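Heads up, the thing below is written out as structure tokens.
The values are calculated or read from the model by the stated rules, or taken from the named source; none is laboratory data. This one's a predicted model, so the numbers in the text were calculated from it and none came from an experiment. Neighbour counts run over all protein chains shown; Cβ positions are idealised from the backbone, glycine included. Protein only, heavy atoms only, side chains kept; ligands, DNA and RNA dropped before computing areas. Shrake-Rupley method; radii C 1.70, N 1.55, O 1.52, S 1.80 Å.
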Amino acid sequence: MSYPKKVRLVEVGPRDGLQNEQATISLGQRQQLIEMLCAAGSKHIEVGSFVSPKWVPQMAGTDALFASLNRQPGVTYSALTPNIIGLEAALAAGADEVAVFAAASESFSQKNINCSIDDSLNRFLPVIEKAKEAGIKIRGYVSCVLGCPYEGAISPQQVSRVASDLWDLGVEEVSLGDTIGVGTPLATAKLLETVSKQVPLAHLAVHFHDTYGMAIANIHQALSMGIATVDAAVAGLGGCPYAKGASGNVASEDVVYLLNGLGIDHGIDLEKLCTAGNFISQLLGRSSASKVAKARHCQ
Ligand code: HMG
Ligand code: MG
């Protein structure tokens, strides 16, 4: 085992979390959540998405949200950009980093972004080139890395092909998404062994949804293999509108607790993070999905 000394947490709650919520969360409330996350020490926050509002109405207004942010130095404010329209909007809004998103499953690619995997990669090339010209970092997501809601099992080789295509196109980081939260530690290990032959481990991130309650175990597996970038959503918010039944992301609070236990540096104040999680959970009219937040609330 070789755990990293420091982990970079990518807070995806304001994007992955809120993209799937039926409750109306105002722009002011999205802004307040982001500012509370900053106050807790989050250094990378996915603010929202520049996608079609017809597809994901919850992410409408991401441009106005960027404009309203009281930006803190040293914090990366990023956004999803599925195509050149999205990238131009992200650049106009002043995003620090953008992300394209592909899938390891053909069916999911069609449902999520309305095109085949190959077409999506062709579509991403100008997005990646233009982001680089603009001098901002670009991440590439691969969804359905441990299973697909439409096709079932997905092999590590299928994932590896898409991850290495994204890497060859020039993304600086590949985030591997267990979109429907079906992975286990052994499957995670096999996946990382295979993909890291194509994309250097230092440029891989993991992104687990927690549908089957395995996300923390999977993250522990990934950390033990040297992964040092972990995506998580405060209060365990999240889901994908095109992956029915998939529950939220792993809760950021639970990941921080795990990292504390392993003595891995992360720079986040757990108490303040729980406050941010409780804030958004109250707005959504439910209790936090973070086990750690629940436990601390009871103390
Ligand atoms: P399409 O309908 O094929 O697009 O959608 P199109 O190019 O034919 O354009 C149709 C209309 O959309 C046009 O407007 C375009 O201008 C507009 P109209 O002429 O009809 O008025 N349009 C846009 N508007 C705003 N921003 C844009 C944009 N692009 C086109 N960027 C498209 C293709 C990709 C746009 C659509 O499928 C889409 O927006 N999909 C987004 C789906 C999404 O956000 N899913 C959730 C994020 S992925 C995820 O959650 C997984 C992840 O967390 C990792 C994991 O867990 O695995 C990342
Ligand atoms: Mg996700």
*asked:* Of all beta bridges DSSP finds with both residues in the chain, what is the antiparallel percent, to the nearest 5?
replied: 5
*Along each of the three principal axes of the Cα atoms of the range 122-275, give the extent in whole Å, ordering the values from largest to smallest.*
42, 37, 30
_Calculated Rg and Dmax of the range 92-206 using C-alpha coordinates, Å_ = 13.7, 43
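Can you sort Tyr77, Tyr150, Tyr242 by solvent-accessible area, 1.4 Å probe, largest first? Present the calculation step by step, with values, prior to reporting the outcome.
Values: Tyr77 5, Tyr150 100, Tyr242 50 Å².
Result, largest first: Tyr150, Tyr242, Tyr77.
Roughly how many Å² is the accessible area per residue of the chain, as a whole number, for a 1.4 Å probe?
Values: 11930 Å² over 299 residues.
That works out to 40 Å² for each residue.
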*asked:* Please give the charge dipole size of the range 140-210, origin at the Cα centre, charges +1 on K and R Cβ atoms and -1 on D and E Cβ atoms. Round to the nearest 20 debye.
replied: 200
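Which shape class, rounded, prolate or oblate, goes with the range 198-274 when its Cα gyration tensor gives a ≥ b ≥ c as root eigenvalues, a/c under 1.5 marks rounded, and past that a/b bigger than b/c marks prolate? All intermediate terms of the calculation are to be shown ahead of the outcome.
Working: a/c = 1.91, a/b = 1.14, b/c = 1.68.
In terms of gyration-tensor shape, oblate.
Set the bar at 21 Å for Cα to Cα. Now go through Lys6/Lys43; Lys5/Lys137; Lys272/Lys294; Lys111/Lys244 and name every pair that lies beyond it. Could you put the intermediate results ahead of the total?
Numbers: Lys6/Lys43 13 Å; Lys5/Lys137 23 Å; Lys272/Lys294 14 Å; Lys111/Lys244 11 Å.
Pairs exceeding 21 Å: Lys5/Lys137.
Order the peptides 83-95, 3-15 from the highest to the lowest mean number of other Cβ atoms within 10 Å of their residues.
Descending mean neighbour count gives 3-15, 83-95.
Cβ neighbours within 10 Å, averaged per peptide: list 97-104, 129-136, 194-201, 220-227 in order, most packed at the top. If you can, show how the numbers build up before the last one.
Values: 97-104: 26.2, 129-136: 15.0, 194-201: 16.8, 220-227: 20.0.
Peptide ranking by packing, descending: 97-104, 220-227, 194-201, 129-136.
Carbon and sulfur together cover what percent of the accessible area of the chain at a 1.4 Å probe radius? Present the calculation step by step, with values, prior to reporting the outcome.
Working: 6250 of 11930 Å².
Roughly 52 percent of what the probe reaches on the chain is carbon or sulfur.
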_Calculated P(r) of the chain - Cα pairs past 35 Å, %_ = 9
*Label zone at Ala64, where the point sits 7 Å out along the Cα-to-Cβ direction: the range 29-43 residues whose backbone N lies under 20 Å*: 29-36
*Determine, at each q value in 0.14 (inverse angstroms), the log₁₀ of I(q)/I(0) that the Debye formula gives when each Cα of the range 138-228 is one equal point scatterer.*
-0.41
*Taking the Cα centre of the range 1-117 as the origin, how large is its charge dipole in debye, to the nearest 20, when only Lys and Arg (+1) and Asp and Glu (-1) carry charge on their Cβ atoms?*
260
*Could you calculate, for the range 33-97, the ratio of the Cα radius of gyration to the Kirkwood radius, expressed as Rg to Rh?*
0.97
